[in-house]
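The structure appears right after this line, and notes come after that.
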Amino acid sequence: MADGKPILIAGGGIGGLSAALGMAQKGRSCIVLEKASRFGEIGAGIQLGPNAFHAFDYLGVGDAARAKAVYVDNLRLMDAMTGEEITHVPLDEPFRKRFGNPYAVVHRVDLHGVLLEGCRASDLVDLRTDSEVLSYEQDGASVTAVLASGERVTGAALIGADGLWSNVRRQVVGDGPPRVSGHTTYRSVIATEKMPEDLRWNAATLWAGPRCHVVHYPLSGWKVFNLVATFHNDAPEPVAGKPVSNEEVLAGFRHICARAQSIIEHGEDWKLWVLCDREPVENWVDGRVTLLGDAAHPMMQYLAQGACMAMEDGVCVSHMLGEHPDSIETAFTVYRDRRVVRTAWVQLQARAIGEHIYHPDGAHALVRNAIMSATSPEEWYDRLEWLYGGTGLDGTFR
Ligand SMILES: Cc1cc2nc3c(=O)[nH]c(=O)nc-3n(C[C@H](O)[C@H](O)[C@H](O)COP(=O)(O)OP(=O)(O)OC[C@H]3O[C@@H](n4cnc5c(N)ncnc54)[C@H](O)[C@@H]3O)c2cc1C
C-alpha cells in the first residue's frame, strides 16, 4: 500500500456506505463524510435485482440483506387503460437459478441499515455526520476535502458519493446542474389493509398509461404497500419531497381505468419529486478523486437500478484499490473503465423504457403490448442476462 492514509468518501448513502464496506473488506481504512446530521435514507421501497445481491455478498452482508427483503413472485406489467395484464416475468426458482440470486423489494431504511451496521462493526470505517464536502484540493500524494464548517480532512484519495447534486462532481466533471426530466413522481406508503384486497399481489406491479404510470409492491414483511405514481407533466423545476394533496395527485391520472385509479385514491401523505438525470459522461476521475452512484451516473428509476449500480460501483472501486494498492490513480482509472459503459447503458435504457414501455399512448402502446405479451419468460431472462447476471466487476453491458 502506498501510504496509510484513509480514503475519504463524501456521502453516506447506499453508494458511499457500499464503498466503505468494500474498503473494510480489503483492509483499507476510510472516513465517510456525510452532510446530514444523521445517517439515513429518504423514501420507502426499493427494488433490488439479483445483481444487488451479488454486491451484498461481496460486501459481506448478503445474509443480513436477505433477511430484510420481501421476495416478490413476479414483475407484472398492466395496461392502465384496459386494466388487462400485458405480461409478467416470473421470479421463481428458474429465475433464481439463472441469475444466482433472487429479485426482491426492501424498505430503504432497512437496506441502508444493513450497510450502516456493517460499517459500524468495522474499526476501519470512521463515520462522520455534519460534514458537507464543498470542494477538494490535491497534491499528487494526498487529497484534502474542504468542509462547509471550514474543517479540512486529508486522506489518500476522495470518492464523491454525494448524490445527484454532487459537489465533488462539479469539480471533477463540471457539467452544470442535472437535467430536469419533466416527470413528476408521487410517493406514498399505506398499511396493507388499506390496499384494495384484489390488488394485494405479491408482485412488483407496473400499470402503464399515456404519460403516466403507477407502481406498487408489498414491503416490510407485508405490513405496508409502497405506492409510486408518476405523471409526465413537463414540470420545469427540480423538486424533492414536497407534500401534496390526494386531489393534486389524482389530477394526473383521471384518464386511466378505475381500478388503477383506485390505487391512488387509497394513498395518503403523498410527497412529490420532479425527477432528474444526466447525460452519461466518459470520465469520472481526476487524479486521486473519483465518483460513484448518482454522483457519477444519475438515472431515471425505470429500470429500478440506481441503487443497484451504486452498490456495484462500491464493489468495483474497492476491488480495484485492493488490486492496485500502490497506485490509486491506476485503481481509479481501471474502476472507471470497468464501469462507464455498463452504467451509461443503464442510464440510456432507463430513459428509453420510460418512453416506450411506461408512458406510450395509442398505436405506440399497442406495439408495446404486442411485443411484450409475445415474449416468453425464457426470452425475458435472455434479455435481462447482461443486467442481472452482471456484477460490479465484469462490466457486462449486453
Ligand atoms: C422514485 C425513485 C425510485 C427509485 N427506485 C429504485 C429502485 O427500485 N431500485 C434501485 O436500485 N434504485 C432506485 N432508485 C434510485 C436510487 O434511489 C438511487 O440511485 C440511489 O439511492 C443513489 O445512491 P447514492 O448513494 O449514489 O446517492 P444518494 O442516495 O443521493 O446519497 C448521497 C448521500 O450524500 C450526502 N451528501 C450530499 N451532498 C453531500 C456533500 N456535499 N458532502 C457530504 N455528503 C453529501 C447525502 O446526504 C446522502 O446521504 C429510485 C430513485 C427514485 C427517485
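Readers should treat all values here as calculations from the given coordinates under stated rules, not as data from a laboratory. Computed from a predicted structure; not experimentally measured. In this analysis, Cβ positions are derived from the backbone assuming ideal geometry, glycine residues included, and neighbour counts consider all displayed protein chains.
Figures for the structure shown
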| read-out | value |
| --- | --- |
| Members of the stretch 126-146 found to be within 23 Å of residue 328 (Cα to Cα), of a type outside the set (D, E, K, R) and touching a strand residue (DSSP E or B) at 6+ places or on another chain (Cβ under 6 Å), listed by number | 127, 133, 134, 135, 136, 142, 143, 144, 145, 146 |
| Scope the stretch 111-135; condition surrounded by 21 or more Cβ atoms within 10 Å (Cβ to Cβ) and more than 12 Å from the ligand (Cβ to nearest atom); matching residues | 114, 118, 119, 125 |
| Set 320, 309: member being of a type in the set (A, V, I, L, M), within 22 Å of residue 16 (Cα to Cα), part of a helix (DSSP H, G or I) and within 16 Å of the ligand (Cβ to nearest atom) | 309 |
| Pair list, Cβ < 8 Å and 6+ apart or interchain, from the stretch 300-313 residues that are within 17 Å of residue 185 (Cα to Cα) to residues that are among the aromatic types (Phe, Trp, Tyr) | 302/358 |
| The stretch 291-302: number of residues that are over 14 Å from residue 11 (Cβ atoms) and either more than 8 Å from the ligand (Cβ to nearest atom) or among the charged types (D, E, K, R) (or both) | 3 |
| Test: residue in the stretch 342-363 that is touching an Asp or Glu at 6+ places or on another chain (Cβ under 9 Å), at negative phi and free of Cβ contacts under 8 Å to residues at least 60 places away in the same chain | yes |
| When residues of the stretch 40-76 are limited to those that are assigned to a loop (DSSP other than H, G, I, E, B) and more than 17 Å from the chain's Cα centre (by Cα), the one farthest from the ligand (Cβ to nearest atom) | 60 |
| Any chance residue 156 is surrounded by fewer than 15 Cβ atoms within 10 Å (Cβ to Cβ) and either within 22 Å of the chain's Cα centre (by Cα) or not aromatic (Phe, Trp, Tyr) (or both) | no |
| Wholly enclosed strands (runs of 3 or more DSSP E) of the stretch 184-259 bearing at least 2 residues of a type outside the set (Val, Ile, Thr) and more than 19 Å from residue 88 (Cβ to Cβ) | 212-219, 224-232, 239-243 |
| Residue selected from the stretch 138-147 under the condition over 22 Å from residue 21 (Cα atoms) and surrounded by 13 or more Cβ atoms within 10 Å (Cβ to Cβ), by the criterion nearest to the ligand (Cβ to nearest atom) | 147 |
| Residue 25 over 28 Å from residue 130 (Cβ atoms) and either within 12 Å of the ligand (Cβ to nearest atom) or surrounded by fewer than 24 Cβ atoms within 10 Å (Cβ to Cβ) (or both) | no |
| Condition broken by residue 290, with the remaining ones in (1) within 25 Å of residue 47 (Cα to Cα); (2) of a type in the set (S, T, N, Q); (3) crowded, with 19+ Cβ neighbours inside 10 Å satisfied | (1) |
| The stretch 1-22, subset touching a strand residue (DSSP E or B) at 6+ places or on another chain (Cβ under 7 Å), of a type in the set (A, V, I, L, M, F, W, C) and not in a helix (DSSP H, G or I), residue farthest from the ligand (Cβ to nearest atom) | 7 |
